[in-house]
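Colleague: Structure in structure tokens, see below.
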Amino acid sequence: MNTSSEDNSKLSQLFYYLQDISLELQADFAIIGLVEATLEARGFDSFIEYEGLITTEIKSGNPNTINTMAKVAFHNIILNICRFAEAIQKSGCGKLLRRYCPNSQIRFNKFISEYYTDDIKKYRNCYATHPMDDNTKDFTPRSELISLCEKILGISSLNNLKILDFIRFLKRIHHIDEKNPDISLVWAIYEMSLELEKSGIALNRV
């Protein structure tokens, strides 16, 4: 397939942006694994501290930081879902994806339709990246944050959150035992590089 330098440059920029997302998602999975290994039988009962408690153990080894590591990973996953969707939808690469890596485009669009939900976008906009809700011009109430988390993770109550709930949520995005690009976003991004190379695109980070 004939390619142009402009096509090579644009698709290279897109791919490496997506690869950065992939690496961060893999790191998020590793963080969740560390939290699981550290907590062991002690449970996972304060994933997000919405009870209004004041943390007084501001010191090395603060036990609250272990659960908060999971929250950091959760927030990063939320942000990267949004980054991914917006890179695909707003980069102006639709025609190029259709021409050079149509299988990847199908996978990416399917992922976006399943994961780039209104709940994800609202949680990002009213808490993860901004302090105020655009509609109310105020901080988002605790009850609404809990409701959003429950919807995103697909659980009935945040009080019953288990580490396996996180694994189920993450598995469609990345799981160390899942290498099917139709299931794992991380592997779908990798497969994009192979599809582009077969189409004559020489990936080069500029």
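Colleague: So which residues in segment 130-145 are assigned to a helix (DSSP H, G or I), closer than 17 Å to residue 75 by Cβ and open to solvent by 30 Å² or more (accessible area, probe 1.4 Å), if there are any at all?
Modeller: 142, 144
Colleague: Suppose the filter is part of a helix (DSSP H, G or I), open to solvent by 30 Å² or more (accessible area, probe 1.4 Å), out of contact with any Gly (no Cβ under 8 Å at 6 or more places or on another chain) and more than 19 Å from residue 74 (Cβ to Cβ); does residue 193 pass it?
Modeller: The answer is no for residue 193.
For every residue, the table says whether it meets (1) exposed (fewer than 13 other Cβ atoms within 10 Å of the Cβ); (2) in contact with a Gly (Cβ under 7 Å, 6 or more places away or on another chain); (3) over 22 Å from residue 143 (Cα atoms); (4) modelled with pLDDT of 85 or more.
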position: 8; (1), (2), (3), (4): no, no, yes, yes
position: 19; (1), (2), (3), (4): no, no, yes, yes
position: 25; (1), (2), (3), (4): no, no, yes, yes
position: 42; (1), (2), (3), (4): yes, no, yes, no
position: 54; (1), (2), (3), (4): yes, no, no, no
position: 78; (1), (2), (3), (4): no, no, no, yes
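Colleague: Right, another one. Considering (1) within 22 Å of residue 10 (Cβ to Cβ); (2) part of a loop (DSSP other than H, G, I, E, B); (3) open to solvent by 10 Å² or more (accessible area, probe 1.4 Å), say which one residue 201 fails and leave the rest.
Modeller: (3)
Colleague: Restricting the search to segment 89-129, which residues are touching a residue at least 40 places away in the same chain (Cβ under 8 Å), surrounded by 14 or more Cβ atoms within 10 Å (Cβ to Cβ) and under 15 Å from the mean Cα position of the chain (by Cα)?
Modeller: Across segment 89-129, the qualifying residues are 108, 111, 115, 120, 123, 124, 128.
Colleague: If you don't mind, another one. In the set 184, 143, 193, which member is small (Gly, Ala, Ser), farther than 23 Å from residue 24 by Cβ and out of contact with any strand residue (DSSP E or B) (no Cβ under 8 Å at 6 or more places or on another chain)?
Modeller: Just a single option satisfies the conditions, and that option is 143.
Colleague: Additional query: Working only within segment 168-190, note down all residues that are over 18 Å from residue 113 (Cβ atoms) and either in contact with a Gly (Cβ under 6 Å, 6 or more places away or on another chain) or open to solvent by 80 Å² or more (accessible area, probe 1.4 Å) (or both).
Modeller: 168, 176, 177, 179, 190
Colleague: For segment 59-128, please list each of the helices (runs of 4 or more DSSP H) lying entirely inside it that holds at least 2 residues being within 21 Å of residue 22 (Cβ to Cβ) and among the small types (Gly, Ala, Ser).
Modeller: Of the helices (runs of 4 or more DSSP H) lying wholly inside segment 59-128, those with at least 2 residues that are within 21 Å of residue 22 (Cβ to Cβ) and among the small types (Gly, Ala, Ser) span 64-90, 102-115.
Colleague: Out of segment 146-159, which residues are open to solvent by 90 Å² or more (accessible area, probe 1.4 Å) and either over 22 Å from the mean Cα position of the chain (by Cα) or modelled with pLDDT of 90 or more (or both)?
Modeller: 151, 159
Colleague: Among 138, 182, which is modelled with pLDDT of 90 or more and closer than 14 Å to residue 107 by Cβ?
Modeller: On inspection, the qualifying residue turns out to be 182.
The values are calculated or read from the model by the stated rules, or taken from the named source; none is laboratory data. Keep in mind that this is a model prediction, so the values were computed, not measured. Backbone-built Cβ (ideal geometry, glycine too); neighbour counts: all protein chains shown. Ligands, DNA and RNA are stripped out before the accessible areas are found, and what is left, the full protein with its side chains, is counted by its heavy atoms. Shrake-Rupley method; radii C 1.70, N 1.55, O 1.52, S 1.80 Å.
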